[in-house]
Amino acid sequence: MRCCRRPHALVLPALAVLALAAGCSAPGGQVRASGQGAPASTAPAGRNCGHSRTAAGVKVLVMVVHGSVSCPVARQVQQRYASAIASGKVPGNGGAAPVTVLGWVCQGYSTPEVLRTGNTSHCVKHGGEIMAVLPAPNSTASP
């Protein structure tokens, strides 16, 4: 069968998308979130503030996992963080270094961490904590 000779041809593009979703490789251990260790299909505990997009255009859930942060502020921080990465204003390999956005310190997770937890980025400010998380895969979607 011609379609099944090179299964890696499908895996490599999927990994590239996940790397872009995470903002590429942030050094592990620099930012830890309340939802750490959860499977990729489970969002961290907190308030779901709806969807946004990463710098690579990947759809994410914006979650307030700690503090009294309004959803409009949480979405705006995530959108500005993604814009900063897309415009090349964030230092590091693919925007992995911490950056200040509207007074929030934001950082992307490494690809292995994104694959393990589903967390793509994390922002903190004065006890408030916002996370961008890959949504759970649609169980009714075709492979």
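Bear in mind that the values in this text are calculations on the coordinates, not laboratory data. Please read these numbers as outputs of a predicted model, since none were measured by experiment. In this analysis, Cβ positions are derived from the backbone assuming ideal geometry, glycine residues included, and neighbour counts consider all displayed protein chains.
General observations
- Taking the number of Cβ atoms within 10 Å of each Cβ as an exposure proxy, the fewest-first ranking of H66, H122 is H66, H122.
- Simple spin-label estimate for S83 and N48 gives 2.6 nm between the two label positions (7 Å along the Cα-to-Cβ direction from each Cα).
- Neighbour counts of C-beta atoms inside 10 Å place I130, I85 in the sequence I85, I130, starting with the fewest.
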